[in-house]
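Encoded as structure tokens, the structure appears first; notes follow it.
No value in this document is a laboratory result; all are computed from the given coordinates. This one's a predicted model, so the numbers in the text were calculated from it and none came from an experiment. Using ideal geometry, Cβ is built from the backbone for each residue, glycine included, and neighbour counts are taken over all protein chains shown.
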Amino acid sequence: MTVLITGSSGGIGRSLARSLPALGWQLRGFDREPAGGDLETICGDITDPDALDAAMAGVRAVVHLAGQATEAPWPVIREANLEGCYQVFEAARRAGVRRVVYASSNHAVGFTPRPPGDCAQLPADTPPRPDTLYGVSKAFGEALARYYVDRYDMQVACLRIGTFAETPPDARSMATWLSPADCAQLVDTCLRTDRLGFALVWGVSANRGRWWSLDAGQALGYHPLDDASQHRPESPGAVYQAADLPVGGAFTEPSFGIDEVAGRWDDAPAARSESRSG
Ligand SMILES: NC(=O)c1ccc[n+]([C@@H]2O[C@H](COP(=O)([O-])OP(=O)(O)OC[C@H]3O[C@@H](n4cnc5c(N)ncnc54)[C@H](O)[C@@H]3O)[C@@H](O)[C@H]2O)c1
């Protein structure tokens, strides 16, 4: 029952490290940063095949979260999210680990317009339409996942995560929020289901104002319980006003262009964490 979590020292990783053991999973962490807490963690980089081989020993499944979690200059994205992602899939294949839960992102399809009408929802297999190099890297990860399923008979769920947070942080997240409890349920479902081949699934809670369909997740057994509108009730008008953008929200704005991001990156370390994980 051992599950390897890459990126175990990050926000989602730490949350899963708290919740998944109670659901019966034995965890091993892998991160370049020390974890703290009780989780057995191997310190290493996902671009290092030897470190990954050591981490994969005796593992039944991988939850791959590690990487650059927001927009960054190309060399950063390329190293962590392309090379690193490839090395994780390769290490899983070498070790005979057949199941991977991969943290993709809504930004793989960020330039997709919001569906018209208050109740319309985009399907989970909406074609890639990335809003950033980060989004491009997530679409790459999804393509890589598809390849390992078709060629090596692996089972992979790609979670197009919206906004993971304890509570919805802003107006957009009234539609895009993924609560920690629902995130744990979603990952647990993807680890457990016997219906998994290749799946694209929205990582979103049962938010009343969501733009994304739960159908693909429900087909695997994911039934989210949280709803952003219960945490911070806002008028539907405020939600839709703020969401008057493609689904990627702020990442679609000119300030997330390649030169703009590179300029901010050079300026100050603070700028590197200017935007939330996405
Ligand atoms: N948080 C969200 O709302 C959200 C939304 C969509 C997608 N995601 C995706 O989910 C995953 C986890 O997100 P998060 O919010 O926990 O991010 P995070 O930045 O908090 O955590 C990422 C972790 O990965 C580790 N890491 C980065 N590069 C690494 C490398 N080369 N080798 C080893 N470890 C490395 C970091 O040390 C960090 O602990 C990411 O892949 C992110 O793109 C998150």
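Go ahead and estimate [θ] at 222 nm for the chain from helices alone: -39,500 (n - 2.57) per DSSP H run with n ≥ 4, summed, over the residue count, rounded to 500.
Working: 12 runs with 101 residues, N = 278.
Value at 222 nm, helices only: -10000 deg cm²/dmol.
In nm, to one decimal, how far is the Asp48 label point from the Ala120 one, both placed 7 Å along Cα→Cβ?
Placing both labels 7 Å along Cα→Cβ, they lie 4.9 nm apart.
With +1 on each Lys and Arg Cβ and -1 on each Asp and Glu Cβ, how big is the dipole of segment 2-272 about its Cα centre, in debye rounded to the nearest 20?
Using Cβ point charges on Lys, Arg, Asp and Glu, segment 2-272 gives about 680 debye.
What residues qualify as long-range amide H neighbours of Gly29, i.e. H under 5 Å apart, gap of 5 or more or another chain, H built at 1.01 Å from N?
Ile5, Glu40, Thr41, Ile42
Explain nothing, just compute: Karplus ³J(HN,Hα) = 6.51 cos²θ - 1.76 cosθ + 1.60, θ = phi - 60°, for every residue of segment 193-210 in order, whole Hz, x for Gly and Pro.
4, 9, 10, 9, x, 10, 9, 9, 9, 6, x, 9, 7, 7, 5, 4, x, 5
Give me, ordered by chain and number, the residues 5 or more places off Phe198 or on other chains with an amide H under 5 Å from its own placed amide H.
Under 5 Å from the amide H of Phe198: Val156.
Report the full-extension gain for the segment Glu166 to Ala22: residue separation times 0.36 nm, less the Cα-Cα distance, to one decimal in nm. Could the numbers behind the result be given before it?
Values: separation 144, 0.36 × 144 = 51.84 nm, distance 1.87 nm.
Separation in residues times 0.36 nm, less the Cα-Cα distance, equals 50.0 nm.
Figure the gain on full extension for Asp153 and Ala57 (residue separation times 0.36 nm, minus the Cα-Cα span) and round it to one decimal in nm.
32.6 nm
Would you be so kind as to identify which of Gly141, Ala95, Gly221 lies farthest towards the positive end of the dipole of the chain, taking Lys and Arg as +1 and Asp and Glu as -1 on Cβ and the Cα centre as origin?
Working it through, the farthest residue towards the positive pole turns out to be Gly221.
Quick check for you: which residues of segment 130-149 have the amide N under 20 Å from the point 7 Å beyond the Cα of Glu260 toward its beta carbon?
130-138
Hey, can you grab everything whose amide H is under 5 Å from the amide H of Arg99? Only 5+ residues off in sequence or another chain; H modelled, so Pro and N-termini drop out.
Counting only residues 5 or more places away or on other chains, the set is Val62, Gln155.
Taking each pair of different alpha-carbon atoms in segment 2-272 once, compute 1/r for the pair, average those values, and report the inverse of that mean as the Kirkwood hydrodynamic radius in Å to one decimal. Could you put the intermediate results ahead of the total?
Values: mean 1/r = 0.0535 Å⁻¹.
Result for segment 2-272, one decimal place: 18.7 Å.
Fewest to most neighbouring Cβ within 10 Å: what's the order for Asp170, Asp266, Asp182, Asp194?
Numbers: Asp170 15, Asp266 10, Asp182 23, Asp194 7.
The fewest-first ordering by Cβ neighbours comes to Asp194, Asp266, Asp170, Asp182.
Please state the relative contact order of segment 2-146 as a whole percent: Cα pairs under 8 Å, 6+ residues apart?
On the way: 254 pairs, mean separation 31.7, N = 145.
It rounds to 22 percent for segment 2-146.
Which ordering of Ile42, Ile258, Ile77 is given by a fewest-first count of other beta-carbon atoms within 10 Å?
Details: Ile42 17, Ile258 12, Ile77 24.
So the residues, fewest neighbours to most, are Ile258, Ile42, Ile77.
Taking the Cα centre of the chain as the origin and placing charges on Cβ (Lys, Arg +1; Asp, Glu -1), which of His231, Leu196, Phe111 is farthest toward the positive end of the dipole?
Value computed over the given set: Leu196.
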